[in-house]
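In what follows, a single structure is set out as structure tokens and then discussed.
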Amino acid sequence: MTPFLELIDIAIAYPPKRVVTDVSFTMDSALIGCLLGPSGCGKTTLLRAIAGFEPVQRGSICLEGAELSRPGWILPPEQRKIGMMFQDLALFPHLSVADNVAFGLRRWKAAERRERVEDLLRLVGLNDYAQRYPHQLSGGQQQRVALARALAPRPRLLLLDEPFSSLDVALREDLAHEIRAILLREGIGGLLVSHDQFEAFAFADQIGVLNQGRLLQWDNAYNLYHRPADHFVADFIGQGVFLPGRMGEGSRVCTELGDIDGIPPDGCAPGDRVEVLVRPDDVTHDDASPLTAEVVERAFRGAEFLYTLKLDSGARLLCLAPSHHNHQPGQRIGIRLEIDHLVIFQHEVQDLGG
Amino acid sequence: MTVSLETEAVAPRLTPSATVGQGPRQWLRARWFRLDRWVLLVVGVSLLLALPVLTVFITALQPVGAVWQHLADTVLADYVRNSLLLMLGVGVGTLLIGVPTAWLTSIHEFPGRRFFEWALLLPMAIPAYIIAYTYTGLLDFAGPVQTALRESFHWSRQDYWFPEIRSLPGAIIMLALVLYPYVYLLARAAFLEQSVAVLEVSRSLGAGPWRRFYAISLPMARPALIAGVSLVQMEALADYGAVQYFGISTFTTGLFRVWYGMDDSIAAAQLAGLLLLFVFALLLFEQLSRRLARFHHTGNRQFRPARLLLTGRWGWLAALACLLPLLFGFLLPAGQLVVWAIDTAPRMMDGRFFSLLVHSLSLALGAALLILMLALLLGYGRRLRPWPLVRGAVQIAGLGYAVPGAVVAIGVMLPLAAIDRSVDGWARQWLGLSTGLLLSGTVTALLLAYCTRFLPVALQSVEAGLARIRPSMDDAARALGSTPRAVLWRVHVPMLRGSLLAAVLLVFVDVLKELPATLILRPFNFNTLAVRTYELASDERLADSAGFALAVVLAGIGPVILLSRAIGRARPGYDAVS
């Protein structure tokens, strides 16, 4: 079976600068994807290339087996049947809500067009606002109009360029879930661009982490957190520190906190210096433990405290503890390691931990 | 499915050339020097519009002839001195009127403030030559003022001294009365933009209202004031009608003398070139101060300053200060025009009047629509192809707004006459007939001059409108299935409607009141309202000219309304629809 969306070895450049290099991934139409990364990592450029606004210098983009872009040729965006929601929404200010939604339905018969617009406005809960103009709507309502407008021509794929960034947090999550449900029900593939991992986790089934124009890992949220493929991903997703250690016999790693079992990366020999990823939830507070560390900082999170601890060697560690364990900076507290999946990287010179 | 690259070439944003394996040089060529329809059109139109100015400069570089030598020995010093004095005087005059009124209406509250806020713009509707004619009629020996003085004091001609309006100081006052709204507008915007915090800090440090004005607000508004005065001085340099009527020798009247009286086109072009140097110096000044103005922005204001309430005597004084420029700059001259127009109506309002009215209005409208199309072409071309070549070409086409009408006219006449001469010579030689004046004596020449001079006005409006349309609008429309051309018609033009209307109106009025270029370039027996007003006034038939002048003034009120609406929109509590 041909994959729904396939990117093969894509490179995009604004000469002389390469913006995107060697990006390949495939996506299933039943799943929703997300391109996640810090600002300037090339994720929006990649999305625009899929929409047809940017040409590719190398590689090809295929949707349902048909090629959309290759070097020297691109199918114009208006012929791709790919919908897009823009960061600034780009609602047409001179058109009413209904006319905005109907914009992409120019070739439809009038009756069908009216019906489709009505359906969509009902779907997004704006059927009473058809004759309003965009500036008369709230931010959340404008978002819904943009969604309805993008969905109206029945695109095969909907691209979302950080469309929630202008909303407040509560509304953002609601709308993300709502859009997700609509896409799944209508059978439209979705691809989101975001710099916010929680938005990505809430919205997407598969997430690609990008940095400096390269796709580092294309995986689900659980694996990104627990089995990061690379130092950057481990650092970018979730919190944690890298604890220095040394490979022992077999699969053992010797660290300051004792010996831990784990699968070492390829090419690691006993005696090599390594780093072990320790998430805050891997460190359990236990007053009875012989292992202790000094509290340097603490942040109250309601149900729990996030402690920053200092080990005797000076290495830092993060620890989540229930909030009734109230310790002051300077105190020593007992800790225990409870690691399910040990993530080990070969030692890198730069220190990204923290 | 295959799609030609041509479709893609009209993509609404700069996309690097989509070809693989190219070295940097090929890429450069692909990006900067690819010529397609848009680039050729935009560059071609821009060059055509820049032709008059370029002609003047190139001609001015020719070796000086006898006429120039004669000018330099005799009157040139007069031209320079009078033009400089005029610039200086009008600059000071507009500051004296524009700054206090802007300060009062933007920061204070007093009786009639809301009315004065826009009414102070009304003098813009009166062209300088018309106010000059009107005041001459009012103040000369036989005019109502002197007659009333003589009658009430039983004076006769030798018994009293009365200031001569037809003089350099008179011209300065006339020009300042109708040009101060430029300074007023820019000063007002600057005062409104100033940070409340800065003013409040100065208040907490004990500065009273006067000290806040001259120690804080005025220095912070300086770049805006310089920009405003530079604009005013450009207008003063370009004026022909008023100084000609007052008999003052300036660059523009000198141009006419050399062009018609001495019949030396090269000397005229050299004089025009010298005038252009003055204009470009002012232009540079204006651009620099606009750039400076950005550094004077003192952060975002969270709220507007509460207006300082002027009560009692102070309030009425403020109202009086705003009333005076309005009275002398608009109410009095416009009132006089109305009185004259009614008096002379039975004689002047005949079929010829109305046919001239229709003729002049349709010429202005036609020119305005032509200029709008060209502005849309250049503006959209620059959006589609923001390459250095295209940007530079559009920039050159935009220079015309600073160039005095008389200079543009000479720059149009020289190349078109040369073309006519060579076509005529060729036709005589090969066809045995004379083609006469194909271009230079026809409406073509007039239209080219109008385009050169007023396209920048329309272009500015169109580009401001286009800039408000974010690129994501283009993208959104294309993702919804629109081709680039459909994007222009379905998204841009409807969203630009306001800007396009404004552009047409502004150019329409500018063409209607244009005098010097029309005088030089109009075909034989071809008249406009402005030219007819000038002709009648030159024949000392001031009252008879009032009907024509009034029509020009009435049309000029259109842009004032437009501007005052923009002012209203900037008021607190009014949310501008983006």
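Quick note: the coordinates plus some simple rules give every number you see, no bench work behind them. Remember, it's a predicted structure, so these values are computed and weren't measured experimentally. Heads up, the Cβs are rebuilt from the backbone with ideal geometry, glycines too, and the neighbour counts pull from every protein chain shown.
What is the set of long-range amide H partners of A:ASN211 at a cut-off below 5 Å, with H atoms built 1.01 Å from backbone N?
For A:ASN211, the qualifying residues are A:LEU216.
Once you put a point 7 Å from the Cα of A:GLU64 and another 7 Å from the Cα of A:HIS341, both along the Cβ direction, what distance in nm separates them?
3.4 nm
If each residue's Cβ is checked for other Cβ atoms within 10 Å, how do B:VAL560, B:VAL407, B:VAL75 rank with the fewest at the top?
Lowest count first: B:VAL75, B:VAL560, B:VAL407.
What does the charge dipole of the protein assembly as shown about its Cα centre add up to, to the nearest 20 debye, if the Cβ of each Lys and Arg holds +1 and the Cβ of each Asp and Glu holds -1?
On the way: 82 positive and 79 negative charges, 528 e Å.
Dipole of the protein assembly as shown, to the nearest 20 debye: 2540 debye.
Rounding to the nearest 10 and keeping the result within 0 to 90°, find how far the Cα-based axis of helix A:169-186 lies from the longest principal axis of chain A.
On a 0 to 90 degree scale, this one is about 60.
Taking a ≥ b ≥ c as the square roots of the Cα gyration tensor eigenvalues, with a/c under 1.5 meaning rounded and otherwise prolate when a/b beats b/c, else oblate, which class fits region B:437-502?
It is prolate, given that a/c is not under 1.5 and a/b is the larger ratio.
Just check region A:57-215 against the gyration tensor rule for me: Cα atoms, a ≥ b ≥ c as the square roots of the eigenvalues, rounded for a/c under 1.5, and otherwise prolate or oblate depending on whether a/b exceeds b/c.
Note, shape of region A:57-215 comes out oblate.
Per residue of region B:270-283, in order, report the coupling 6.51 cos²θ - 1.76 cosθ + 1.60 (Karplus, θ = phi - 60°) as ³J(HN,Hα) in whole Hz, putting x for Gly and Pro.
5, 4, 4, x, 5, 4, 4, 4, 4, 4, 5, 4, 5, 4
Compute the distance in nm between two label points, each set 7 Å from the Cα along the Cα-to-Cβ direction, one at A:ASN326 and one at A:ALA181.
For the pair A:ASN326/A:ALA181, the computed spacing is 4.1 nm.
For region B:154-246, just say rounded, prolate or oblate: build the C-alpha gyration tensor, square-root its eigenvalues into a ≥ b ≥ c, call rounded for a/c under 1.5, and beyond that prolate if a/b exceeds b/c, oblate if not. All intermediate terms of the calculation are to be shown ahead of the outcome.
Values: a/c = 4.90, a/b = 2.00, b/c = 2.45.
The shape class here is oblate.
Considering every residue in B:465-474, what mean count of other chain Cβ atoms within 10 Å of its Cβ is obtained?
3
What's the angle, to the nearest 10 degrees (0 to 90), between helix A:139-151's Cα axis and the longest principal axis of chain A?
So the inclination is approximately 70 degrees.
For the protein assembly as shown, what proportion of DSSP beta bridges, expressed in % and rounded to the nearest 5, is antiparallel?
Expressed as a percentage, antiparallel bridges in the protein assembly as shown total about 75.
How many nm is it between the label spots at B:PHE115 and A:THR26, if each spot is 7 Å from the Cα in line with the beta carbon?
Modelled inter-label distance: 7.9 nm.
Just from its helices, what would the mean residue ellipticity at 222 nm be for chain A, if runs of 4 or more DSSP H residues each count -39500 (n - 2.57) and the sum is divided by every residue, rounded to the nearest 500 deg cm²/dmol?
Here the helix-only value at 222 nm equals -6500 deg cm²/dmol.
Taking only DSSP H segments of four or more residues, each worth -39500 (n - 2.57), what value at 222 nm results for chain B once the sum is divided by all its residues, to the nearest 500 deg cm²/dmol? Spell out each step's value before the answer.
Working: 26 runs with 412 residues, N = 578.
Taken over chain B, the calculation gives -23500 deg cm²/dmol.
Please identify every one of the chymotrypsin sites (Phe, Trp or Tyr not before Pro) in region B:63-149 that sits in a loop by DSSP and has no more than 15 other beta carbons within 10 Å of its own beta carbon. Please report the intermediate quantities before stating the final value.
Details: sites: B:TRP68, B:TYR79, B:TRP103, B:PHE115, B:PHE116, B:TRP118, B:TYR129, B:TYR133, B:TYR135, B:PHE141; in loops: B:PHE141.
Counting only loop positions with at most 15 other Cβ atoms within 10 Å, the chymotrypsin sites (Phe, Trp or Tyr not before Pro) in region B:63-149 are B:PHE141.
Using Cα centres only, tell me the gap between region A:166-216 and region B:62-141 in whole Å.
Result: 62 Å between the Cα centres.
With Cβ to Cβ distances under 13 Å as the rule, what net charge do the other residues near A:GLY65 carry (K, R +1; D, E -1)?
Once all neighbours under 13 Å are counted, the net charge is -2.
Enumerate the calculated ³J(HN,Hα) couplings along region B:115-129 in order (Karplus 6.51 cos²θ - 1.76 cosθ + 1.60, θ = phi - 60°), each rounded to whole Hz, writing x wherever the residue is Gly or Pro.
Values per residue, Gly and Pro as x: 5, 5, 3, 9, 5, 5, 7, 4, x, 4, 6, 9, x, 4, 5 Hz.
Using only alpha carbon pairs under 8 Å that are at least six residues apart, calculate the relative contact order of region A:1-140 and give it in whole percent.
Averaging sequence separation for qualifying contacts and normalising by length gives 19 percent for region A:1-140.
How do A:SER194, B:SER217, B:SER545 rank when sorted from fewest to most other Cβ atoms within 10 Å of their own Cβ?
Lowest to highest Cβ neighbour count: B:SER217, A:SER194, B:SER545.
Please determine, in degrees from 0 to 90 and to the nearest 10, the orientation of helix A:110-123 with respect to the longest principal axis defined by the Cα atoms of chain A, where the helix direction is its Cα long axis.
Roughly 30 degrees between the two axes.
Would you mind checking which residues have amide H under 5 Å from B:GLY441's amide H? H placed 1.01 Å from N; only 5 or more apart, or other chain.
Amide H neighbours of B:GLY441: none.
Two-decimal Rg/Rh of chain A from alpha-carbon positions, Kirkwood Rh?
We get a ratio of 1.06 for chain A.
Give the calculated FRET efficiency between A:ALA303 and A:ASN220 to the nearest 0.05, with a Förster radius of 30 Å applied to their Cβ-Cβ distance. Display every interim value, and only then the final one.
On the way: r = 26 Å, r/R0 = 0.86.
In this case the efficiency is close to 0.70.
Ranking A:HIS324, A:HIS94 by Cβ neighbours within 10 Å, fewest first, what do you get?
Listed from fewest to most nearby Cβ atoms, that is A:HIS324, A:HIS94.
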